[in-house]
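Working notes, beginning with the structure itself.
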Amino acid sequence: MSGQTVKNIALSSDGSAVRIIDQTLLPGRLEYIELRDREAMYEAIKSLRIRGAPAIGIFAAYGIYVLAQSYGRGEFFARLDDDCGYLISCRPTAVNLSRQVERQRALAHAMAGSPIAEIVQALGREARAIHEEDVAMCRAIAEAGLGLLHPGDTVLTHCNAGPLATSEYGTGLGPLLLAAERGVDIRAYVDETRPLLQGARLTAWELMNAGVDCTLICDNMAALAMREGRVQAVLAGCDRMAANGDAANKIGTSGAAIIAKHYGVPVYILLPSSTIDLDRPTGAGIPIELRDGEEIRSLWYEKPMAPEGVKCWDPAFDVTDHDLITAIVTEKGVIRPPYDVNLKKLFG
Ligand code: MRU
């Protein structure tokens with residue numbers, strides 16, 4: 001399976017940098033880059049060299065370990081706190097980023113009386129633990145998600161919720177990758193996911209590498225595909241799920257879910273528990289990242305395709321209301337409504 005051969009996040013061989021695939025170069029070039037300082041790490045997250053909710057959390061956990069190696073005794077906690085706040089401020093929607101960075105910060109503060117070298121070592125161990133937990137959670141999500149599909153089904157994917165967005169298997173793509181491994185015929189319509197094309201550039205690349213039969217469509221073709229009975233399920237990942245099951249994910253997920261409800265197609269949201277934010281009662285308070293309108297105006301075009309100076313609104317995520325979601329799939333299995341009750345029961 002491609003996710004097992006392509007390691008999208010690791011430490012460099014001497015442990016002094018975080019090594020990632022530069023996802024902005026895919027599918028044309030598979031290139032690794034190493035990040036050592038906090039500005040480079042911030043830029044890598046901001047410009048989506050590393051992206052996907054679980055992946056940015058894992059990356060930042062390793063990042064804190066790398067940065068902590070250069071802190072001196074007197075300044076250790078001041079610099080740690082500053083770097084943690086700086087990395088967290090980079091992207092607001094995915095809860096994994098703040099959660100994993102805060103986990104590192106809490107661990108270090110709990111060891112405040114210990115030698116610095118020991119604290120740094122513990123941060124390295126914790127980053128690896130966060131990474132390994134994600135591998136295990138994604139594997140379990142893939143198993144549970146595959147149980148919802150039938151041989152011969154075709155699913156609609158949105159954005160990229162594959163190994164590149166996590167560690168291995170991914171969330172939304174996990175069932176497809178597992179099916180391919182087992183020789184089960186599950187196919188996909190991959191929507192391109194404007195404006196940053198994570199579907200076209202990354203999902204299509206991952207599915208083709210894994211031998212999954214996939215067909216690329218523009219986002220606005222999903223309704224016709226569902227009306228014609230070409231899609232048996234919508235599979236999507238999540239960046240932050242509120243306590244009632246409202247799910248923030250890549251802009252356009254909510255539109256796909258509304259269309260799916262209209263045509264009676266089930267919508268499955270697949271996510272690890274590290275993406276669930278029970279402190280938010282509903283999706284209403286989830287911060288939505290706004291990005292540079294140039295992504296809409298000109299990014300993928302040879303020349304700008306909109307009048308110069310036109311105003312753009314470029315929210316990176318939307319919130320899918322819980323009543324549009326047929327089931328939520330986590331490492332603990334398939335969860336059905338009422339989500340407020342069942343999420344609390346499992347993760348409260
Ligand atoms: O802006 P991105 O590419 O980081 O957005 C990613 C998504 O919306 C994914 O669907 C989400 O993080 C789930 S990934 C397992």
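General observations
- Test result for Val18, surrounded by 20 or more Cβ atoms within 10 Å (Cβ to Cβ), over 23 Å from Leu290 (Cβ atoms), of a type outside the set (Lys, Arg) and away from the ligand (no atom under 13 Å from the Cβ): yes
- Qualifying residue in the range 74-82 (condition: surrounded by fewer than 12 Cβ atoms within 10 Å (Cβ to Cβ) and either closer than 21 Å to Ile50 by Cα or in contact (Cβ under 8 Å) with a residue 12 or more places away in the chain (or both)): no
- In the range 131-182, the residues that are without any contact (Cβ under 8 Å) to a residue 60 or more places away in the chain and among the small types (Gly, Ala, Ser): Ala142, Gly152, Ala179
- The residues on offer are Leu177, Leu156, and the sole one that is out of contact with any Pro (no Cβ under 8 Å at 6 or more places or on another chain), open to solvent by less than 10 Å² (accessible area, probe 1.4 Å) and within 14 Å of the ligand (Cβ to nearest atom) is Leu156.
- Note on the range 21-50: residues that are surrounded by fewer than 24 Cβ atoms within 10 Å (Cβ to Cβ), assigned to a loop (DSSP other than H, G, I, E, B) and of a type outside the set (Ser, Thr, Tyr) amount to 11.
- If you check Arg19, Arg79, Arg103 for being among the basic types (Lys, Arg), within 30 Å of Ala180 (Cα to Cα) and not assigned by TED's automatic domain parsing to the domain that holds Asn249, only one passes: Arg19.
- When the range 117-130 is filtered for residues that are touching a residue at least 24 places away in the same chain (Cβ under 8 Å) and open to solvent by 30 Å² or more (accessible area, probe 1.4 Å), only Glu126 remains.
- Of all the residues in the range 178-206, those that are closer than 22 Å to Leu30 by Cα, hydrophobic (A, V, I, L, M, F, W, C) and in contact with an Asp or Glu (Cβ under 8 Å, 6 or more places away or on another chain) number 2.
- Hits in the range 291-316 (condition: within 16 Å of the ligand (Cβ to nearest atom), of a type outside the set (Phe, Trp, Tyr) and either assigned to a loop (DSSP other than H, G, I, E, B) or surrounded by 14 or more Cβ atoms within 10 Å (Cβ to Cβ) (or both)): Arg291, Asp292, Gly293, Glu295, Ile296, Leu299, Asp314, Ala316
- In the range 183-195, the residues that are crowded, with 23+ Cβ neighbours inside 10 Å and in contact (Cβ under 8 Å) with a residue 60 or more places away in the chain: Asp191
- Residue, farthest from the ligand (Cβ to nearest atom), within the range 202-229, restricted to residues that are part of a loop (DSSP other than H, G, I, E, B) and of a type in the set (Gly, Ala, Ser): Gly229
- Yes/no for Ala127 being farther than 15 Å from Ala233 by Cα, within 16 Å of the ligand (Cβ to nearest atom) and of a type in the set (A, V, I, L, M, F, W, C): no
- Any chance Tyr86 is more than 16 Å from the ligand (Cβ to nearest atom), within 18 Å of the chain's Cα centre (by Cα) and over 25 Å from His158 (Cβ atoms): no
The values are calculated or read from the model by the stated rules, or taken from the named source; none is laboratory data. Keep in mind the model is a prediction, meaning the values are calculated, not measured. Heads up, the Cβs are rebuilt from the backbone with ideal geometry, glycines too, and the neighbour counts pull from every protein chain shown. To get the accessible areas, we keep the full protein, side chains included, count just its heavy atoms, and leave off ligands, DNA and RNA. Shrake-Rupley method; radii C 1.70, N 1.55, O 1.52, S 1.80 Å.
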